[in-house]
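Single-structure report; data block below.
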Amino acid sequence: MPSRIGRRRFLERSVASLGAMAAAWGVPAVLRASAAWGDLVGRFVYDGKAPERKKLKVDKDVDCCGKFDIRDESLMVGPDGGLANVFLYVRSRKVSICPELEASLPKQVKLDNRDCIFVPHCLSIWYPKQEFYTVNSDPIAQNIDFRPLGDLPANIILSPAPGKNVDATWKFNKSQLVPVPIACNYHPWESAFILPRDNPYVAISAADGTFRISKLPVGKIEFQAWHERSGYLETPQWLRGRFEMDIRAGVNDLGTIKLAPDRFER
Amino acid sequence: MALGSPFRSALRVALAVVLLAMGLVAASGCGRTPPIEFPLNLEGREPASVSPKQAAAIRQALTELFGTPNEPRVPDGVPLDLKRLAMAAGAVGGDAQGRQRGLYRRHCVTCHGIAGDGAGPAAAVLDPYPRDYRRGIFKYTSTRSGAKPIRKDLQRTLYRGVPGTAMPSFAHLPSEQAEALIDYVIYLAIRGETELYLLQLVVDEQSYLPPDMDRVMEEGVLPVVESWLLPERNQQEWVVTPPPRPEVDRPEVLAASIAKGRELYLAKDSQCVKCHGPEGDGNGEEKELYDDWNKPKKGVTPEQTAALARLFKLPLQRLRPRDFRKGVFQGGSGPADLYLRICVGIKGTPMPAAGPAPGVPGPLKPDEIWHVVDYVRSLAAGAPTPQ
């Protein structure tokens, strides 16, 4: 006897398969989608003296990695206070996706192992449309280890490069609520974060603290801000790093968001 | 036949007295065991960070989906046999047909705990700790990197036990009972991963209470169920069957294979020596190794590690890479077992998959893995390390 939840699921799945059939028969998938789209822009600023990035202990594969100046990447503040690597993403569960985005985004999201660190340090992936692939540019073996909640964990060896086909691809199957840490079991100082989502509306702030989420549907959307030091990036206005915004067509400017240094202490 | 009114009143009084007496007995705890509950998974969390309301909402959602230790149930779409679960669950005993009940509590609970948290009463003195099923990760599988075990993998572990650990062989159990236990372990694993999702949703995300059960099914339960079904349904892609082992029937052929295996073992590509050491004695340069269950207990500084300790039931336990010379292999010491360990790795540990997988070339080809197996087996057989 199907349970209450079971029946509801069955109904939802039936509706979902009808949707798939409609798509296959050429019915536009975004019938209810907004005709207008807007960008969300702004800049995160660390409201204090830029902290010194500590040199990390490099005690493995020293022949290769010892020659690089490897420093802590967990808090990257630019010369004029711009804070890099803040994830800002749509928290609302259902969001219309601008059809132009699929064509404009790369099919793959790449993580490189270069000079004994992960490059880039922060990534996001629209997992139903984009593939995660990882390469090794170093002459030593590297390892990629991550455990997304409720999704398949990975622990991959990447043979030394160059001269070998050492690219590995990986598929995520589930949205995550917060970014997933990536580690290397061989080199404990290496660290990166990836956020798999079922929509492309994720920005990661650049070295100068600026960010842009392009082509959001107009209307009310809830956003989430997250940083690896603070977790949910709370401000006096953003409880648990969340805020709702009425996106309008064109550019929606959040301006400068000043962040108190005590949020990033550890 | 209607009873007279005075008689009915007397009956009511008598009934009230009996109920009161029963209530008193119950309140004094005489002759009654407390109800068995699944403890909430608060590992790694400040207990105060979960409010009583949140804890109650998570318990309620889990009970709605999975029942209780005495009366398990599963939501639709979870392919587990309720009859088998009933056989494994509940108190130790037998049914009217003489079949055993409460198999999990008879055989497993002392080490693995009522919720499968790997922290039963005996756990603290064991090294390695018993498996905590609640992350849905099982170490010894024939499935590709990342995938859940197939049923056969759990059967193998149950029948063989885990050599070198406290996990004994349950080969003596009738297959009906073994299958019931395997269903129950998968049940605890799916329940455990759902619980982790609920903690994230209710506590970290602070969602409205009670949580939206459709969302819990869609984001919490069904992806976990899908991950269990994936390798079972698509064995061609996800399950590794070791290819036929090259003939090593003559001593010189075996010696050549061992030499080749040693070369691959020592090569930079495979990274074996990093943990297992050049001599294969488990004494590589990597000393700070932890499995997925212990990693969260490790802070950056010793002070942080000490502060974290109070948030976990069991103390931090370091992982020791296998010393091949001892000849004891937890996942089995047959050539095919060792092939699988190298090819797909050991889930939940730093031992990665060295074999090829879809999308991942891996450093060792199948024939190369066989050479490494021959080398490792030669060390286990007490062969001196070739110079």
Matching residues in segment B:158-186 - criterion: being in a helix (DSSP H, G or I), within 19 Å of B:Lys139 (Cβ to Cβ) and touching a residue at least 24 places away in the same chain (Cβ under 8 Å):
B:Leu158, B:Arg160, B:Leu181, B:Ile182, B:Tyr184, B:Val185, B:Ile186
Only one residue in B:Arg191, B:Arg245 is in contact (Cβ under 8 Å) with a residue 12 or more places away in the chain, among the charged types (D, E, K, R) and not assigned by TED's automatic domain parsing to the domain that holds B:Pro79. Which one?
B:Arg245
Looking only at segment B:129-147, decide whether some residue is surrounded by fewer than 18 Cβ atoms within 10 Å (Cβ to Cβ) and either without any contact (Cβ under 8 Å) to a residue 12 or more places away in the chain or in a loop (DSSP other than H, G, I, E, B) (or both).
no
Which ones in segment A:68-89 are modelled with pLDDT of 95 or more and more than 26 Å from A:Tyr232 (Cβ to Cβ)?
A:Phe68, A:Asp69, A:Ile70
Looking only at residues that are over 15 Å from A:Arg240 (Cβ atoms) and aromatic (Phe, Trp, Tyr) in segment B:186-215, which one is nearest to the other protein chains (Cβ to nearest Cβ)?
B:Tyr197
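Listed here are the residues, each with its yes/no results for (1) assigned to a helix (DSSP H, G or I); (2) on the phi < 0 side of the Ramachandran plot.
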{"position": "B:Gly282", "(1), (2)": "no, no"}
{"position": "B:Lys287", "(1), (2)": "no, yes"}
{"position": "B:Pro296", "(1), (2)": "yes, yes"}
{"position": "B:Thr305", "(1), (2)": "yes, yes"}
{"position": "B:Leu314", "(1), (2)": "no, yes"}
{"position": "B:Leu340", "(1), (2)": "yes, yes"}
{"position": "B:Pro350", "(1), (2)": "no, yes"}
{"position": "B:Glu368", "(1), (2)": "yes, yes"}
Selection from segment A:246-265 of residues part of a loop (DSSP other than H, G, I, E, B) and not aliphatic (A, V, I, L, M) yields A:Arg248, A:Glu265
Looking at segment B:377-386, is at least one residue under 25 Å from A:Leu158 (Cα atoms), of a type outside the set (A, V, I, L, M) and crowded, with 18+ Cβ neighbours inside 10 Å?
no
State whether one or more residues within segment B:90-105 are under 19 Å from the mean Cα position of the chain (by Cα), surrounded by fewer than 19 Cβ atoms within 10 Å (Cβ to Cβ) and more than 22 Å from B:Tyr159 (Cα to Cα).
no
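Residues checked against (1) modelled with pLDDT under 95; (2) in contact with a Gly (Cβ under 7 Å, 6 or more places away or on another chain); (3) farther than 19 Å from A:Ala141 by Cβ; (4) surrounded by 17 or more Cβ atoms within 10 Å (Cβ to Cβ):
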residue	(1), (2), (3), (4)
B:Glu263	no, no, no, no
B:His276	no, yes, no, yes
B:Glu286	yes, no, no, yes
B:Glu303	yes, no, yes, no
B:Leu311	no, yes, yes, no
B:Phe329	no, no, yes, yes
Inspect all residues belonging to segment A:251-266 and state whether any of them is over 17 Å from the mean Cα position of the chain (by Cα), more than 14 Å from chain B (Cβ to nearest Cβ), crowded, with 20+ Cβ neighbours inside 10 Å and at pLDDT 95 or above.
yes
Using the structure shown, decide if B:Ser207 is without any contact (Cβ under 8 Å) to a residue 12 or more places away in the chain and closer than 30 Å to A:Glu222 by Cβ.
yes
Out of the residues in segment B:64-77 that are surrounded by fewer than 21 Cβ atoms within 10 Å (Cβ to Cβ) and within 13 Å of chain A (Cβ to nearest Cβ), which is farthest from B:Leu222 (Cα to Cα)?
B:Gly67
Quick check on segment B:238-258. Is at least one of its residues within 24 Å of the chain's Cα centre (by Cα) and aromatic (Phe, Trp, Tyr)?
yes
Can you name the residue in segment A:127-142 that is surrounded by fewer than 21 Cβ atoms within 10 Å (Cβ to Cβ) and in a strand (DSSP E or B) and is also farthest from the other protein chains (Cβ to nearest Cβ) among such residues?
A:Val135
The one condition B:Glu64 fails out of (1) closer than 30 Å to B:Ile342 by Cβ; (2) part of a helix (DSSP H, G or I) is (1)
Of the conditions (1) away from every other protein chain (no Cβ under 14 Å); (2) touching a strand residue (DSSP E or B) at 6+ places or on another chain (Cβ under 9 Å), the single one that A:Asp151 does not satisfy is (1)
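The values are calculated or read from the model by the stated rules, or taken from the named source; none is laboratory data. Given the structure is predicted, the values throughout are model-derived calculations rather than measurements. FYI the Cβ positions are ideal-geometry reconstructions off the backbone, even for glycines, and counts take in every protein chain you see.
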